[in-house]
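What follows is a single structure, written as structure tokens, with notes after it.
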Amino acid sequence: MFKRAGLAILSAAVIATAPVGHAATVLTLEGGFVGMQHILHFTPTQLRGDLCAAPNHCQPVDYFALPGDAFNARGATDVQNAIDALPAGEQVVLFGHSQGGQVIYTDLRRWAADPAGAPDPARVSWVSIGNPENPYGGRRPKTEGAGAQWLPPDTAYQGTEVIRQYDGWADWPDDPSNLLAVANAVAGMFSIHTNYRQVDLDDPNNVRFTPDVAGQPGNVTYVWVPTKTLPLAAWAGPLAPALDNALRPIIEKAYHRPVDIPDPTPAASAATQSARTAALQPPVRAKAASRRSGVPAASASKPGRDAPVRHRVNTRAARGSD
């Protein structure tokens, strides 16, 4: 049975494991079709730019970012060369988006197979966002076979995998027969996957999970970022909240994540609806009720000086678009 993880706060300072007061070089890796030219680098702006904030320094790794394991392997070699070119004691954070995360995984597999030739885990950590190979939501493990090794479960390198809910590349449904979930994930490939720029790793609504390795917490932490509006409902404008409430329970049935992601805007419960209906009863009904009960109408319809005042609570927060 999967573990449940509660809400947790995770800061960029914790992710970038360089000692406090020391700068780290953050090697950034772009997703597919991006980063083939030195001027096209968007990864430093993701996660609000927190990983590249001073005193850290971001340095792009220009690999040929076309989809395919051969290009991932070439990128992994470029990462190794970039690490080797840095001063021996300098802290390094690998920061990859989408295919850039796959490149990081390729390096982690190489280092697990050859620890003697790997960099010191005390100076190298990593952050991956929207990774199609992540073992808890990545589309590749779910569609190409779970038996393949994607991320070594016992990697010696501290890492954080960030997954936006319904990012179709990083949060693919477990049940492909749920066509609504599949359609929603495909929509998320275009609307959610490309945009991690406003993701705040200090947001208490994020949900974190650290799998155990040999009975102890491992070195990899997974962070799910809730999505307020389903990609499949976002087009509906003012009708999006109602459409989201109708579709989200069906779509969520297709997922078997190791965590529960709370619904950011749940539909009003039956009890709340009953209270709301009672609060909206016209005065004439209150008077009729008072005649039946023998209580004066003024007492039934208005609170006295010492009576508690009822406030109507809006149980439906306005949803912003992602």
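Identify all residues within region 95-107 that are under 13 Å from ASN72 (Cβ atoms), crowded, with 24+ Cβ neighbours inside 10 Å and of a type outside the set (Phe, Trp, Tyr); write none if there are none.
Taking region 95-107 and keeping what is under 13 Å from ASN72 (Cβ atoms), we get 96, 98-107.
In the following step, the residues that additionally are crowded, with 24+ Cβ neighbours inside 10 Å were identified as 96, 98-105, 107.
Listed by number, the residues that qualify are GLY96, SER98, GLN99, GLY100, GLY101, GLN102, VAL103, ILE104, ASP107.
Just one of GLY137, GLY145 is within 19 Å of GLN102 (Cβ to Cβ), out of contact with any Phe, Trp or Tyr (no Cβ under 7 Å at 6 or more places or on another chain), part of a loop (DSSP other than H, G, I, E, B) and at pLDDT below 95; which is it? Steps first, please.
Values: GLY137 fails: out of contact with any Phe, Trp or Tyr (no Cβ under 7 Å at 6 or more places or on another chain).
Going through GLY137, GLY145 in turn, just one is within 19 Å of GLN102 (Cβ to Cβ), out of contact with any Phe, Trp or Tyr (no Cβ under 7 Å at 6 or more places or on another chain), part of a loop (DSSP other than H, G, I, E, B) and at pLDDT below 95: GLY145.
What pairs come out if I take residues in region 93-118 that are part of a helix (DSSP H, G or I) and pair them with residues that are at pLDDT 95 or above and of a type in the set (Phe, Trp, Tyr) whose C-beta lies under 6 Å away, six or more apart or interchain?
ILE104/TRP126
If a residue must be under 18 Å from the mean Cα position of the chain (by Cα) and part of a helix (DSSP H, G or I), how many such residues does region 245-260 contain?
Looking only at that region, the number is 3.
Taking PRO121 and the conditions (1) in a helix (DSSP H, G or I); (2) open to solvent by 50 Å² or more (accessible area, probe 1.4 Å); (3) touching a residue at least 12 places away in the same chain (Cβ under 8 Å); (4) under 24 Å from ASP154 (Cα atoms), which numbered condition does it fall short on, given that it satisfies the others?
(1)
Which condition breaks for GLU90 when tested against (1) of a type outside the set (Gly, Ala, Ser); (2) surrounded by fewer than 20 Cβ atoms within 10 Å (Cβ to Cβ); (3) farther than 16 Å from VAL127 by Cβ; (4) out of contact with any strand residue (DSSP E or B) (no Cβ under 7 Å at 6 or more places or on another chain)?
(4)
Test SER128 against the criterion of being open to solvent by 10 Å² or more (accessible area, probe 1.4 Å), at pLDDT 95 or above and under 20 Å from the mean Cα position of the chain (by Cα), and give yes or no. If you could, list the steps in order and put the result at the bottom.
Working: open to solvent by 10 Å² or more (accessible area, probe 1.4 Å): no; at pLDDT 95 or above: yes; under 20 Å from the mean Cα position of the chain (by Cα): yes.
Considered against the rule, which asks whether it is open to solvent by 10 Å² or more (accessible area, probe 1.4 Å), at pLDDT 95 or above and under 20 Å from the mean Cα position of the chain (by Cα), SER128 comes out as no.
Take the residues in region 148-174 that are assigned to a loop (DSSP other than H, G, I, E, B) and among the acidic types (Asp, Glu); name whichever of them is nearest to ALA112 (Cα to Cα).
First, pick out the residues of region 148-174 that are assigned to a loop (DSSP other than H, G, I, E, B): 148-158, 165-174.
Restricting the remaining residues to those that are among the acidic types (Asp, Glu) gives 154, 167, 171, 174.
On the way: ASP154: 8, ASP167: 28, ASP171: 26, ASP174: 28 Å.
Only one residue tops the list, namely ASP154.
GLY6: within 30 Å of ASP263 (Cβ to Cβ), at pLDDT 70 or above and open to solvent by less than 80 Å² (accessible area, probe 1.4 Å), yes or no? Full working, then the answer.
Working: within 30 Å of ASP263 (Cβ to Cβ): yes; at pLDDT 70 or above: no; open to solvent by less than 80 Å² (accessible area, probe 1.4 Å): yes.
Taking the combined requirement at face value, the residue does not satisfy it.
Could you list, in sequence order, all residues of region 194-237 that are in contact with a Ser or Thr (Cβ under 7 Å, 6 or more places away or on another chain) and in a loop (DSSP other than H, G, I, E, B)?
ARG197, LEU201, ASP202, THR210, GLY218, ASN219, LYS228, THR229, PRO231
Only residues that are free of Cβ contacts under 8 Å to residues at least 40 places away in the same chain and surrounded by 24 or more Cβ atoms within 10 Å (Cβ to Cβ): list them for region 134-153, please.
Hit for region 134-153 is GLY138, nothing else.
Report yes if some residue within region 39-49 is modelled with pLDDT of 95 or more, farther than 19 Å from PRO87 by Cβ and among the aliphatic types (A, V, I, L, M); otherwise report no.
yes
With the requirement that a residue be open to solvent by less than 70 Å² (accessible area, probe 1.4 Å), of a type outside the set (S, T, N, Q) and in contact with a strand residue (DSSP E or B) (Cβ under 6 Å, 6 or more places away or on another chain), what does region 54-82 give you?
Within region 54-82, CYS58, PRO60, VAL61, ALA82 meet the criteria.
The values are calculated or read from the model by the stated rules, or taken from the named source; none is laboratory data. These numbers come from a predicted model, not from an experiment. Positions of Cβ are backbone-derived with ideal geometry, glycine not excepted, and every protein chain shown enters the neighbour counts. Calculation scope for accessible area: heavy atoms of the full protein, side chains included, ligands and nucleic acids excluded. Shrake-Rupley method; radii C 1.70, N 1.55, O 1.52, S 1.80 Å.
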